[in-house]
Structures are given as structure tokens and as C-alpha cells.
Amino acid sequence: MNNKLMNIISLSWELSKTELKLKYRGSILGFLWSLLNPFFTLLTLYIVFHMFMRLDIPNYELYLLLGIVLWTFFVKGTLSGLAAIVSKGPIVKKIYFPREILVFSTCLSEFISLIFNLVVFFAMLFLVKPELATSFIYFPFLLLKLFLLVFGLALALSALQVYYRDIQQIWEVLTQAGFWLTPIIYDISIVPQQYVTIYLLNPVTIIIVSARNLLIYQQTPDLIGFMSGYLYYILILAAGYYIFTHYEPRFAEEL
């Protein structure tokens with residue numbers, strides 16, 4: 001069992017590295033694009049919403065960058081994971097192996113890009129707030145929640161994409177709408193009170209708000225409440241895995 005687990009981990013890691021190499025193959029700037037894209041998005045949104053529309057949010061550049069970085073991983077992780085089975089069709093049809101590894105490795109490669117983007121964010125953060133707060137130790141566990149969310153959704157979407165090829169276009173539209181329905185640019189306090197409960201059903205909203213509280217505002221959360229929040233993301237992962245295993249037996253036929 002241990003050897004099998006180690007082989008799965010090793011295969012996932014090798015596939016993740018391959019994904020990263022293929023993603024930037026032939027690009028002059030290569031991996032730097034994963035840093036430049038959020039930066040240019042930040043610059044554009046900062047000029048429009050802070051300088052022109054004058055949103056009055058303290059440390060808005062940090063506030064905005066953290067939201068962009070986390071949202072970017074959510075979108076790229078789910079979209080890349082969505083295509084993981086279809087894009088590897090020849091392999092899926094020829095060789096049997098746990099197909100969820102393809103989805104996991106794709107999400108992992110995007111997670112590595114997220115880590116590099118967070119390095120840039122932390123460099124900016126420590127220029128503004130050089131002191132370390134105890135709330136920082138919760139952040140890796142928050143990232144785990146985000147990864148569970150992305151992997152769970154990617155599992156479900158990748159399975160559905162095999163059968164219904166317009167799933168990708170539908171998901172792209174939904175994520176475009178989701179950008180504006182998630183407090184990335186603005187503060188959740190502007191949402192009418194009667195809609196806040198519905199707003200917080202968005203799992204990405206919970207993560208982004210929590211991340212800002214931990215890192216920018218240095219608020220230590222209630223430990224029991226923080227850990228119990230894992231149930232939400234574990235349920236999403238379990239639902240995604242159920243959908244994946246339900247459709248998986250006929251992948252080779254459909255591809």
C-alpha cells in the first residue's frame with residue numbers, strides 16, 4: 001500500500017512538472033508570465049477603482065492583489081482541471097490508471113504558480129507590515145481549503161466535460177460573473193445586509209475574506225470555527241469525487 005501511494009505521489013509530481021513545462025514552452029518570458037498577469041490586472045483595477053472611483057479601502061493595493069491572486073488560482077485551477085481528461089484522451093484510452101491523478105496534477109501545477117504569486121504578495125506585505133502576527137500560521141490551512149475546493153470542482157467538471165463539451169464555455173461564463181460577485185475589488189460591507197448570508201455561500205468569498213483578515217488585518221480566528229469550516233470544502237471535494245467516479249468507467253468510450 002505504501003509503495004502504491006508513493007508511486008501515485010511520484011506520478012502526480014512528474015505530471016505537474018510536465019504541465020508547467022508545457023504551459024510556458026516557447027514563451028520568451030516563461031514562468032514570469034504567471035507573475036506578470038496578476039500584476040497587470042492589479043495595476044489596471046487599482047487605477048480604475050482606487051484612483052478614479054476612489055474606493056476608500058486601507059492598503060488597497062494589498063487588498064486587491066491578494067484577492068486577484070487567490071481568484072486567479074481558483075479560475076485557472078478549475079479550468080485546467082476541467083480539460084485534464086479530454087486533453088489526455090490518447091493516454092486515457094490506452095492505459096488504465098487512476099484518472100483522477102490527471103486532474104490532481106493539473107491543479108497542483110496551478111497551485112505551484114499560486115505559491116510564486118504569493119511570494120510577491122508577501123514581499124509587498126512585509127514592506128507595509130514588517131511585524132509577524134500569530135494569525136499568519138492559519139494561512140497555510142486556508143490554502144488547503146482553497147485547494148480542496150478547486151480539486152473538488154475540477155474533478156466534477158473534468159468528468160462532465162468528457163460527455164458535454166460545452167461545459168468549458170459555461171464555466172468560463174460563470175467565472176466571469178463570479179469575479180464581480182466575489183469581493184475582490186470591493187469590500188463585502190457594501191453588500192446589502194439582506195444578501196450577505198447568500199453572498200457567504202460562495203466558498204471563494206469565504207476564503208478571500210478570511211485571507212485578508214489573517215494577513216492584512218492580522219485577526220486571529222476562532223480555532224473551532226476555523227477548523228469546522230473544513231467540512232464545507234471536504235463535502236465539495238466528496239461531491240466532486242462522486243461525480244467523477246460515476247462517469248469515469250466510460251471515459252475511454254466517450255473519448
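The values are calculated or read from the model by the stated rules, or taken from the named source; none is laboratory data. Note that the structure is predicted; figures quoted are calculated from it, not measured. Cβ sites come from the backbone with ideal geometry, for glycine too, and all protein chains shown count toward neighbours.
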Residue in segment 113-130 that is of a type outside the set (Gly, Ala, Ser), under 23 Å from TYR199 (Cβ atoms) and touching a helix residue (DSSP H, G or I) at 6+ places or on another chain (Cβ under 7 Å) present
no
Conditions: (1) touching a residue at least 40 places away in the same chain (Cβ under 8 Å); (2) surrounded by 13 or more Cβ atoms within 10 Å (Cβ to Cβ). PHE111 meets all but one. Number of the miss?
(1)
Helices (runs of 4 or more DSSP H) contained entirely in segment 1-96, each with at least 1 residues that are modelled with pLDDT under 70 and among the hydrophobic types (A, V, I, L, M, F, W, C):
2-23, 33-46
Segment 132-151 residues that are under 16 Å from SER113 (Cα atoms), paired with ones that are surrounded by fewer than 16 Cβ atoms within 10 Å (Cβ to Cβ) (beta carbon under 9 Å, 6 or more apart)
LEU143/ILE115; LEU144/TYR230
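Starting from residues that are in a helix (DSSP H, G or I), of a type outside the set (Phe, Trp, Tyr) and in contact with a helix residue (DSSP H, G or I) (Cβ under 9 Å, 6 or more places away or on another chain), keep the ones in segment 163-175 and report whichever is surrounded by the most Cβ atoms within 10 Å (Cβ to Cβ). Lay out the reasoning, then the answer.
Narrowing segment 163-175 to residues in a helix (DSSP H, G or I): 163, 167-175.
Next, from what is left, pick out any that are of a type outside the set (Phe, Trp, Tyr): 167-170, 172-175.
If we keep only those that are in contact with a helix residue (DSSP H, G or I) (Cβ under 9 Å, 6 or more places away or on another chain) as well, we get 167-168, 172, 175.
Numbers: ILE167: 19, GLN168: 16, GLU172: 14, THR175: 17.
Step by step, filter segment 163-175, then rank; the result is ILE167.
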Can you pull out the helices (runs of 4 or more DSSP H) entirely within segment 180-241 that have at least 1 residues that are small (Gly, Ala, Ser)?
203-215, 223-228
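Yes/no matrix, rows are residues, columns are (1) surrounded by 13 or more Cβ atoms within 10 Å (Cβ to Cβ); (2) within 30 Å of VAL92 (Cβ to Cβ); (3) out of contact with any strand residue (DSSP E or B) (no Cβ under 6 Å at 6 or more places or on another chain); (4) of a type in the set (A, V, I, L, M, F, W, C):
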{"position": "ALA133", "(1), (2), (3), (4)": "yes, no, yes, yes"}
{"position": "LEU142", "(1), (2), (3), (4)": "yes, no, yes, yes"}
{"position": "GLN161", "(1), (2), (3), (4)": "yes, yes, yes, no"}
{"position": "PHE179", "(1), (2), (3), (4)": "yes, no, yes, yes"}
{"position": "TYR186", "(1), (2), (3), (4)": "yes, no, yes, no"}
{"position": "VAL191", "(1), (2), (3), (4)": "yes, no, yes, yes"}
{"position": "LEU201", "(1), (2), (3), (4)": "no, no, yes, yes"}
Going through (1) in contact with a Lys or Arg (Cβ under 6 Å, 6 or more places away or on another chain); (2) modelled with pLDDT under 85 one by one, GLU110 fails only at (2)
Among the candidates ASN202, ASN213, single out the residue that is within 30 Å of TYR46 (Cβ to Cβ) and in contact with a Leu (Cβ under 8 Å, 6 or more places away or on another chain).
ASN202
Restricting attention to segment 115-152, and to residues there that are of a type in the set (A, V, I, L, M, F, W, C) and not in a helix (DSSP H, G or I), which single residue is farthest from ASN202 (Cα to Cα)?
LEU132
